[in-house]
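Written below as structure tokens is the structure these notes are about.
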Amino acid sequence: MRTSISVNERTADVDVEPRRLLADVLREEFGMISVHAACEQGACGSCTVLLDGEAVRSCLVFAVQADGHRVTTVEGLGSPPRLHPVQEALAAHHAVQCGYCTPGMVLTAIDLLRRVPAPTAAQVEEAMSGNICRCTGYVGITDAVLEAAQKGDPR
């Protein structure tokens, strides 16, 4: 099935089987290596992307469902020297270690800050609870998201 997907502001038409997952298409057709399909059940958050600005688990979305929509991966946010404010805050708080969960954490935090510009710590913890981090722990992540909220540039 011919599907038109805009990934990080680059639109491409791709042929996909109706049952093919968005995570696989993003990695294999678009080269978005930040999209990790770890649990393939939507439980870990490592495959999180923004679909029209809303955080979704790309391992639970069929690529054909993204037809005509905008997908943002962490590659589309920023890179040194101009990182996204959430990325800057995570680095400043040493809230990343191995980095496997980081793209999903960043995109989940961006979605939260777009919906709730001044979240409480409890709201951050609730929003981030669907993203599993086995290395860093969540105190630094929560502090980083709260700092990014204070800076107020959710982009």
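The values are calculated or read from the model by the stated rules, or taken from the named source; none is laboratory data. Nothing here was measured: the structure is a model prediction, and the numbers come from that model. Here the Cβ is made from the backbone with ideal geometry for all residues, glycine too, and neighbour counts use every protein chain on show. Ligands, DNA and RNA are stripped out before the accessible areas are found, and what is left, the full protein with its side chains, is counted by its heavy atoms. Shrake-Rupley method; radii C 1.70, N 1.55, O 1.52, S 1.80 Å.
Checking ILE132 against (1) of a type outside the set (Phe, Trp, Tyr); (2) more than 20 Å from VAL7 (Cβ to Cβ); (3) open to solvent by 60 Å² or more (accessible area, probe 1.4 Å); (4) without any contact (Cβ under 8 Å) to a residue 12 or more places away in the chain, which single condition isn't satisfied? Status for ILE132: all satisfied but (4).
Output the residue which, of all residues in the range 10-24 that are part of a strand (DSSP E or B) and farther than 16 Å from VAL56 by Cβ, is most open to solvent (accessible area, probe 1.4 Å). Going through the qualifying residues, I end up with ARG10. Looking across the range 121-141, the residues that are more than 14 Å from PRO85 (Cα to Cα), assigned to a helix (DSSP H, G or I) and not charged (D, E, K, R) come down to ALA121, ALA122, GLN123, VAL124, ALA127, MET128, VAL139, GLY140. Among residues of the range 87-113 being among the small types (Gly, Ala, Ser) and over 11 Å from the mean Cα position of the chain (by Cα), the one that is farthest from ALA38 (Cα to Cα) is ALA92. The set of residues from the range 94-115 being open to solvent by 80 Å² or more (accessible area, probe 1.4 Å), closer than 17 Å to GLY45 by Cβ and part of a loop (DSSP other than H, G, I, E, B) comprises GLN97, CYS98, TYR100. Restricting ALA91, ALA118 to those that are open to solvent by 30 Å² or more (accessible area, probe 1.4 Å) and either touching a strand residue (DSSP E or B) at 6+ places or on another chain (Cβ under 7 Å) or outside any helix (DSSP H, G or I) (or both) reduces the list to ALA118.
Of all residues assigned to the range 88-110, at least one qualifies as being over 21 Å from VAL7 (Cβ atoms) and β-branched (Val, Ile, Thr). Across the range 25-38, the qualifying residues are those that are open to solvent by less than 90 Å² (accessible area, probe 1.4 Å) and without any contact (Cβ under 8 Å) to a residue 60 or more places away in the chain, and the one among them that is farthest from CYS101 (Cα to Cα) is GLU29. Screening the candidates GLU147, GLU125 for the property of being touching a residue at least 40 places away in the same chain (Cβ under 8 Å), surrounded by 13 or more Cβ atoms within 10 Å (Cβ to Cβ) and out of contact with any Pro (no Cβ under 8 Å at 6 or more places or on another chain) yields one hit, GLU147. If you check SER46 against the conditions, is it touching a Pro at 6+ places or on another chain (Cβ under 6 Å) and either open to solvent by 60 Å² or more (accessible area, probe 1.4 Å) or assigned to a loop (DSSP other than H, G, I, E, B) (or both)? Taking the combined requirement at face value, the residue does not satisfy it. When each of GLN41, GLN65 is tested for being under 23 Å from VAL25 (Cβ atoms), open to solvent by 40 Å² or more (accessible area, probe 1.4 Å), over 17 Å from the mean Cα position of the chain (by Cα) and not β-branched (Val, Ile, Thr), the lone residue that passes is GLN65. Taking residues in the range 57-77 that are among the acidic types (Asp, Glu), and partners anywhere that are open to solvent by 30 Å² or more (accessible area, probe 1.4 Å) and outside any helix (DSSP H, G or I), the pairs with Cβ atoms closer than 9 Å and at least 6 places apart or on different chains are ASP67/MET1; ASP67/ARG2; ASP67/SER4; GLU75/ASN8; GLU75/GLY31; GLU75/ILE33.
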